[in-house]
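Student: Mind looking over this structure? Questions follow.
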Amino acid sequence: MTESLLPSSSDEIQEKLLSLVKTIKGQVLNAENLYVEVDWKKPMPAQKKNKPVTRNHEEQLSSLGKDVAGCTRCSLAGTRKNIVFGDGNARANIVFVGEAPGADEDEQGLPFVGRAGQLLTNIIKAMGLERKDVYICNILKCRPPGNRNPLPDEIRLCEPYLKQQLQLISPRIICALGAFAAKTLLKTETPITALRGRFHTYDGIKLMPTYHPAYLLRNPSAKKQVWEDVQLIMKEIEQSDRS
Ligand code: SF4
């Protein structure tokens, strides 16, 4: 290292350290609207790559999407604008599953694209990933009118699509977003406050329930718990890579 690159005084050293801390902290804090408290002594484990995406996987997932595109199994076929099948990496380690599309998603045919979607994108970035590294979908592929809760029959008729998606993607972890998704997938009435923070199982895949990004928009203090949940997810992936 040349002399000019070395800090010449303790003030300069402090300034450089402060600038470094701000840069690192900014990677998380500047993720718009996402304020999380991070234990800097325990950094997020290095991100591992997803399994290689083969043309076969992409084709099978895309072919399933085309099958679902004309679905008229339930009455939501009559009120939707677009089917929201899912989006992301066909061999993702992590699949985020929400409840159902909202108005923005129905309009665009893509999952989590509204304000809550932006927050989910920020959470994914805080995990050291991009949206293209994960897969995002919902239990229902069509928007319930007025964003009402999905009906039991709608779930019964639509959930087989989700099961097929998950079989094809074969993720290591499902992250269920929100009370409705978590309770529906786990077939339980236990509140999300008691479900989150630990792994459960859905069709043989580890499932971590956490709060829905829309809930976080109304209750920003719950971001801390979501951050704890996603850290558990990343640690689990790290550990399964080692074993
Ligand atoms: S919600 Fe699911 S089952 Fe109902 S029409 Fe849409 S894709 Fe088909």
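The values are calculated or read from the model by the stated rules, or taken from the named source; none is laboratory data. Note that the structure is predicted; figures quoted are calculated from it, not measured. All Cβ positions, even for glycine, are placed from backbone atoms using ideal geometry, and neighbour counts span all protein chains on display.
Student: What are the pairs, 6+ residues apart or on separate chains, where a residue within segment 55-75 that is in contact (Cβ under 8 Å) with a residue 12 or more places away in the chain has its Cβ under 6 Å from a residue that is part of a helix (DSSP H, G or I) and near the ligand (Cβ under 10 Å from one of its atoms)?
Tutor: Val68/Tyr161; Arg73/Leu157; Cys74/Glu154; Cys74/Leu157
Student: Given the criterion of a type in the set (Ser, Thr, Tyr) and assigned to a strand (DSSP E or B), identify the matching residue among Thr193, Thr188, Thr184, Thr201. Please lay out each step first, then the result.
Tutor: On the way: Thr193 fails: assigned to a strand (DSSP E or B); Thr188 fails: assigned to a strand (DSSP E or B); Thr184 fails: assigned to a strand (DSSP E or B).
Just a single option satisfies the conditions, and that option is Thr201.
Student: Give the residues of segment 119-138 that are within 16 Å of the ligand (Cβ to nearest atom) and over 10 Å from the mean Cα position of the chain (by Cα), sorted by residue number.
Tutor: Asn138
Student: For the subset of segment 86-135 comprising residues that are hydrophobic (A, V, I, L, M, F, W, C) and in a strand (DSSP E or B), which member is farthest from Lys235 (Cα to Cα)?
Tutor: Across segment 86-135, the extreme among qualifying residues is Val97.
Student: Any chance you could count how many residues in segment 139-153 are more than 16 Å from Arg80 (Cβ to Cβ) and within 8 Å of the ligand (Cβ to nearest atom)?
Tutor: Going through segment 139-153 one residue at a time, the tally reaches 0.
Student: Tell me whether segment 136-151 contains one or more residues that are surrounded by fewer than 16 Cβ atoms within 10 Å (Cβ to Cβ), on the phi < 0 side of the Ramachandran plot and not in a loop (DSSP other than H, G, I, E, B).
Tutor: Looking through segment 136-151, at least one residue is surrounded by fewer than 16 Cβ atoms within 10 Å (Cβ to Cβ), on the phi < 0 side of the Ramachandran plot and not in a loop (DSSP other than H, G, I, E, B).
Student: Any residue in segment 154-178 that's in contact (Cβ under 8 Å) with a residue 60 or more places away in the chain and within 12 Å of the ligand (Cβ to nearest atom): show its pairings with residues that are part of a helix (DSSP H, G or I) and of a type in the set (S, T, N, Q) at Cβ separation under 8 Å, as long as the two are six or more apart or on different chains.
Tutor: Final answer for the pair search is Glu154/Ser75.
Student: Also: So Ala214 ticks every box in (1) at pLDDT below 95; (2) surrounded by 14 or more Cβ atoms within 10 Å (Cβ to Cβ); (3) more than 27 Å from Lys51 (Cα to Cα) but one. Which box is left unticked?
Tutor: It fails just one condition, (1).
Student: For segment 71-83, which positions are near the ligand (Cβ under 9 Å from one of its atoms) and not basic (Lys, Arg)? If you could, list the steps in order and put the result at the bottom.
Tutor: We begin by selecting, within segment 71-83, every residue near the ligand (Cβ under 9 Å from one of its atoms); these are 71-78, 80, 83.
Of everything in segment 71-83, those that are near the ligand (Cβ under 9 Å from one of its atoms) and not basic (Lys, Arg) turn out to be Cys71, Thr72, Cys74, Ser75, Leu76, Ala77, Gly78, Ile83.
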